[in-house]
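The values are calculated or read from the model by the stated rules, or taken from the named source; none is laboratory data. Everything numeric in this text was worked out from a predicted model, so none of it was measured. Backbone-built Cβ (ideal geometry, glycine too); neighbour counts: all protein chains shown.
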């Protein structure tokens, strides 16, 4: 009888302690993008880092419509972390453009890596300039994505009416397939260079990455402070051997403004201090550094990130303090 009572007591205590452990687990969802870009594998790597290195945290990467949707999801609390292009983060934080005057409750946790605008056509189409988009079948990226946001901003800056072409608004993988099948003539990506969907397309078809002229670049940069003139290096995609002048924007890892300071501190610390592992997931993670975070963040930083940066002796400019 005593033995039975002891066993029951031990089981009861085990259940109590298990319940406490479960109660203390913090589940974190990371809004990424489609599977044909870099956001999803990058986010998967971040989820692994946090789950392994931050006690009591279980993180998972979620497939989403990317930047615009990720801002809205973080604001509503459906995710707490989002991978977002800097121009979209700026618009969401300030309630501009597609956010229609509604300021979203987000802050920056870290800078990820730069996205490059990659406008792709098959060589056999004869398309060599973005001005040739008029009358074509096109994909400017999926609805709610940063690619679609950036593509429309660039076309507006170049005074190319969005009604002058047919826009299918496909995901990265769908865009590559539609180019391959001659359903569309131009596809747009805003993504880190060496993205899988373009790599796969270039192995079976000769492609052009459309360059931006100095005059076009000047107009685009005048329209957005968050954009920069960059070059897509030659040799990344088969058959694209020379550097291509294009437009770049930094990606921001955003978080809910209301997240606990100590939690974000631990997440930021684990992210920055396990960068070598993240680089094995994708080399673009080499840009995910504390120094780049204070240099390129387009919106203010979360107090948890600021706490980590100050601990590392890194000055945080006034513009990044919420």
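Restricting attention to the stretch 237-282, the residues that are more than 18 Å from the chain's Cα centre (by Cα) and modelled with pLDDT under 95 add up to 0. Here is a list of conditions, (1) surrounded by 22 or more Cβ atoms within 10 Å (Cβ to Cβ); (2) closer than 30 Å to residue 55 by Cα; (3) in contact with a strand residue (DSSP E or B) (Cβ under 6 Å, 6 or more places away or on another chain), and residue 257 meets all of them except one; can you say which number that is? With (1) surrounded by 22 or more Cβ atoms within 10 Å (Cβ to Cβ); (2) closer than 30 Å to residue 55 by Cα; (3) in contact with a strand residue (DSSP E or B) (Cβ under 6 Å, 6 or more places away or on another chain) applied to residue 257, the lone miss is (1).
Sort out which residues of the stretch 202-223 are crowded, with 18+ Cβ neighbours inside 10 Å, under 25 Å from residue 297 (Cβ atoms) and touching a helix residue (DSSP H, G or I) at 6+ places or on another chain (Cβ under 6 Å), and write them in order of number. Matches in the stretch 202-223: 220 only. Just to be sure, is residue 151 in contact with a strand residue (DSSP E or B) (Cβ under 8 Å, 6 or more places away or on another chain), closer than 26 Å to residue 285 by Cα, outside the structural domain of residue 33 (by TED's automatic domain parsing) and at pLDDT 95 or above? Criteria met by residue 151.
There is no residue in the stretch 131-143 that is modelled with pLDDT under 95, in the same structural domain as residue 240 (by TED's automatic domain parsing), at positive phi and within 14 Å of the chain's Cα centre (by Cα). Considering 183, 160, the condition of being outside any helix (DSSP H, G or I), touching a strand residue (DSSP E or B) at 6+ places or on another chain (Cβ under 7 Å) and either assigned by TED's automatic domain parsing to the domain that holds residue 283 or surrounded by fewer than 18 Cβ atoms within 10 Å (Cβ to Cβ) (or both) is satisfied by 183 alone. Collect the residues in the stretch 130-148 that are touching a strand residue (DSSP E or B) at 6+ places or on another chain (Cβ under 9 Å), in contact (Cβ under 8 Å) with a residue 40 or more places away in the chain and part of a loop (DSSP other than H, G, I, E, B), keeping them in residue-number order. Correct list: 136, 140, 141, 145.
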